[in-house]
Every structure is written in C-alpha cells, then in structure tokens.
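Note sheet for the following structure.
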Amino acid sequence: MKKQMVLMFISLGVFIALCPQLNAAENSRVDMTEAMKQSIVYLKTFFYGYEQIQPWKHKDLSENWACACAIGKYEVLTTAWNVKNAASIKALRHGQNEFISARIKIVDYESNLCLIELDPNAMSKPLKPLLFNEDYRKGAEVNFYWLSSGNHLYSGRGYLDRARVEQTNTSYGKRLHYVVANTSSHTGMGQVYCVGSEPIGIASWSNKNKEAGLIPAEIINKFLAEVADDNYKGFGAVGFETSKLLDPAMRSFLKMPASLKTGVLVTDIYSLGTGSDVLKKADVILGIDGNTLNSYGRFMHPKYERLYFNHLITSKGIGEKVLFELWRDGKKIQVQTEVKNFKASEMLVPYHEFDQQPEYIITGGFVLQKLTREYLSQWGDDWTGKVSPHLYHYYRDLAFKPTPERRDIAILSYVLPANINLGYQDLRQIVVKKYNGMTIRSIADILTAQKLNPDSKYDVIEFELDKPMVVIDREQLPKANMLISNNYGIRKLVNVNR
C-alpha cells in the first residue's frame, strides 16, 4: 500500500511538473482556420518562359497555383518562385467566387519574396492583414494554412525543428530559413505557418522526408519595411568565398598563434558583393560585427544558435556598415565596408534570367547566345559533366567576376544547317573571342562588330581554345537569313538588351 502511495505521489509530481509544457502545447494548438479565411488567398498563375536551346521560342503557356497571405488590405505576399516567368496572375479569396485581377508590385528573387497588389474594385471587402511574429520557439508545434481552388481553407501540422542558412531555390544567395519537421502534408507554395495564433513564416520548399522550409518572419518583416520606403534596394550579398580552417599546418603557415583557433579562410574574392572591395585571398575572417566565427564559418546567434556567417551580411540593408575582424599578414586587423548586393543579370554567367527572353543573335544559321546557368542546366540534373568543360569553367570559377573587359560570355551554341554554313555544322558550345577583329566583351558587342570592315566581303568569327575560325559570306547573308528565318520558324533573329 505504501509503495502504491509513493508511486501515486511521484506520478502526481511529474504531472504537475509537466503542466507548464502541456499548457504551452495546448496554447500552440489554436485553430486559426476561421480567422485565416479573411487573410489567405489562392493564386492562379499562368507562365510560359522561353526555350534555352531555341531562345526565339516561347514555352507553352502553363498553369500553376500558389498560396498568398494579406499584408495589407489589398496586398498579398508569396514567394518569388511562385511567380517566376508569370504571364498573368489572378486571386481567389474565401467566400467570393469571382477571381480578382492581380499584378506584381515587387519581386526579389534573391530573397525569394514577392509582393502582389490586388484590384480593390474587384473585391467584395478588404483583406485582414497578418502581422508576422519574430519569436523563435524551437520544438513548438506549428499549424499551416492554405486556400484551395475550391474555396476551402485547409490546415496541417508539424514541429519547428531548427533554423539554418541555406541557398534559396531562386538564387545564388544563402538566407535564413526555418525548417519544420514531420509535416502532415507537402507544402512549399507559400502556405502560412503559425505558432498558435502568430504567423511565423511562409513555406518555400518541402521534401520527401516530411520537412518544409520557411521564409521566416525576420526576413519577411525586413522585406516589407524596405518596400514601404518606395525605394526597394534589397539586402546584402556575400562577395567572397570561404573554406573551413581546420588544418593546424595551414594555421601555422598563416602565422596564426596556436591559441587562436577561430576563423574561416577566404579562398576567393568576387568583383561583386559585400567585402569584395576590402578582403583578400588568404585572409582569415575571425569575426563579423563582433560575432566570432568558428573554423567552420559559423557564429553563435542569440536566438537561432549556430548559423553560417552569411546571415550577418544578407540580413542587412544596402548601405549599412559591416565590420570584419581579420587575421592578415601575421596580425589582427579590422576593416569596414558598406553592404552591397547585385542582380543575377550583373554576373558574368547569370544564375537565372527569370521574366525575360534569353539574349541571342542568329546570323547565317550560327546561333550566338549569352551564356547563363539556365542554358547550362538544359543538359539535365548532372549537366556539369555533360556541357563543355570550358563553359563549365566560366560558370564555376568566374560567374561572380565580371570586369569592364568581360561583362558576359557570348557563345556559339550550335549551327542551324544551311548552304551558307557548310563545313561548320558540327561546331557547338564554344566561346566567341573576336568578331571582325573586335574583342567581344558581351553579346551586345557583336551587333557593333557586324558593322566593322564595311569593304570586306566576309564576317569573321574567332573562338577561344584555338577552335576553327568561321567565315561568313556577306553577299549571301541577307538571303540566307531570310531562308533560315522561314525554314526554322524564327520570327526575330536578334534579341539583345543594349
């Protein structure tokens, strides 16, 4: 009997000790389905994009859907991924059967966020804006919500597992994300995630392991604050590469004292982005803005624990100051610079070209294109082993290093067979070096070069790596271009942004 009493009191004590956690869990299970009906919309998007191998062709118009949430009475937020290459967008709100016309107001592919404005004249009443809460409760139960095409609001569950810095699915940049585990269904289309009644982020990806990635409230609120200024510039981008600094021999080679075990090694400097103007190869970054970096490049965040240093730059607005503490030439120094970013279009090999037609020139059947990552990716998931090694070198080693002498890479993609190009039809994936004797710094230079040497009978194209020279008969060219245009259905032989 005494043993039973002891066990009963122990059980009671455990129950009392767990009460705060049970209450917290119960509070997190607030059902916001009804409240979200006035704040979440269904987006129907129509998109096309362009063929990369035949850049004069539109892809077939396709339809997709996404979720968006109100951040104003007539403004909603979704991911940039959901609107890439959009031809048109319309929204559906709960309780209103007619679709609402919509337009993109701001899209930031680097942050993967998009602000969309709805037509107020087509709405029965204003939306109820959501306020995103930046509190981070690791392990908390989360609920997520979305509106279906049938005008039904659905919900699901998961657990807030961790915060990490990872690459967005629309850009080269690495940004802060929340990872939710054990989700009850796949998300990734902008669904709103909440802890209790507080929105904490929107879904940007999910995987087969029942995990979902969220763009967190911290990033969303900074984006909205920048947009409110009517002069949106985006956020910082890293302008250098680093590697782990674990090898004692390397630390000794860099003349670092044995007691100094922190810091990450700078292995490459871009010509774009934050730090590109003040850092040098072989610098060791010991800290950023007073945050010590370990030998893996992580720092201890007061809220999210260990994060990669990228967050210290990508969370800042353009023009803000950033302070690097370095080990350089055998001593500690500090250097300060301003936060910078850049668009994908400024890269030597752009990471993406969403919402625009690829740049190309077709002359005599020679398809000359601007080299981009999207072009290279047409060779499939393992494209790095399929494309020309020379082209891959430009992407892997030089993509972030444009110069006044080389702003982009013009390539001969392939040759459309015609009488004017007999003998050249096996040429493909080679880099244009000169056109009519003019060094080509960008694909736009080709248009200028075509006007050179007016007394010559020929256009002459030279390539890198001692590839065969191409000679085009100028007298035959007008007729050949007309035939090629008709035979291959090419309505426009040139598309170049000057």
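If the condition is being on the phi > 0 side of the Ramachandran plot and either surrounded by 11 or more Cβ atoms within 10 Å (Cβ to Cβ) or of a type in the set (S, T, N, Q) (or both), then the stretch 449-481 contributes only N453.
Of all residues in the stretch 448-460, exactly one satisfies the criterion of being touching a residue at least 24 places away in the same chain (Cβ under 8 Å) and either within 16 Å of K370 (Cα to Cα) or in a loop (DSSP other than H, G, I, E, B) (or both), namely Q450.
Within the stretch 26-47, the residues that satisfy the criterion of being modelled with pLDDT of 90 or more and surrounded by fewer than 16 Cβ atoms within 10 Å (Cβ to Cβ) are T33, E34, F46.
Does D445 qualify as being without any contact (Cβ under 8 Å) to a residue 60 or more places away in the chain and either in a loop (DSSP other than H, G, I, E, B) or surrounded by 18 or more Cβ atoms within 10 Å (Cβ to Cβ) (or both)? In short, yes. When we screen E141, E134 for residues that are assigned by TED's automatic domain parsing to the domain that holds N97 and either surrounded by fewer than 18 Cβ atoms within 10 Å (Cβ to Cβ) or in contact with a Pro (Cβ under 6 Å, 6 or more places away or on another chain) (or both), the only hit is E134. Considering each residue of the stretch 435-448 in turn, none proves to be closer than 27 Å to Y351 by Cβ, out of contact with any strand residue (DSSP E or B) (no Cβ under 9 Å at 6 or more places or on another chain) and of a type in the set (V, I, T). The set of residues from the stretch 482-497 being over 21 Å from H58 (Cβ atoms) and either in contact with a Ser or Thr (Cβ under 9 Å, 6 or more places away or on another chain) or surrounded by fewer than 13 Cβ atoms within 10 Å (Cβ to Cβ) (or both) comprises just one member, M482. Scan the stretch 154-180 for residues that are closer than 25 Å to L224 by Cα and surrounded by 20 or more Cβ atoms within 10 Å (Cβ to Cβ) and report the count. Number satisfying all stated conditions: 13. Candidates in the stretch 86-99 are the residues that are assigned to a loop (DSSP other than H, G, I, E, B) and surrounded by 13 or more Cβ atoms within 10 Å (Cβ to Cβ); of these, the one that is modelled with the lowest pLDDT is Q96. Considering each residue of the stretch 399-407 in turn, none proves to be in the same structural domain as K434 (by TED's automatic domain parsing), within 22 Å of D108 (Cα to Cα), of a type in the set (V, I, T) and out of contact with any strand residue (DSSP E or B) (no Cβ under 9 Å at 6 or more places or on another chain). If only residues of the stretch 421-434 that are closer than 27 Å to M347 by Cβ and aliphatic (A, V, I, L, M) are counted, the one that is farthest from the chain's Cα centre (by Cα) is L427. Filtering the stretch 352-390 to residues that are more than 19 Å from A444 (Cα to Cα) and either surrounded by 19 or more Cβ atoms within 10 Å (Cβ to Cβ) or touching a Ser or Thr at 6+ places or on another chain (Cβ under 8 Å) (or both) leaves F354, L376, W383. Regarding L326, is this residue within 18 Å of E464 (Cα to Cα) and of a type outside the set (D, E)? In short, no.
The values are calculated or read from the model by the stated rules, or taken from the named source; none is laboratory data. Since this is a predicted model, take the numbers as computed values, not measurements. Heads up, the Cβs are rebuilt from the backbone with ideal geometry, glycines too, and the neighbour counts pull from every protein chain shown.
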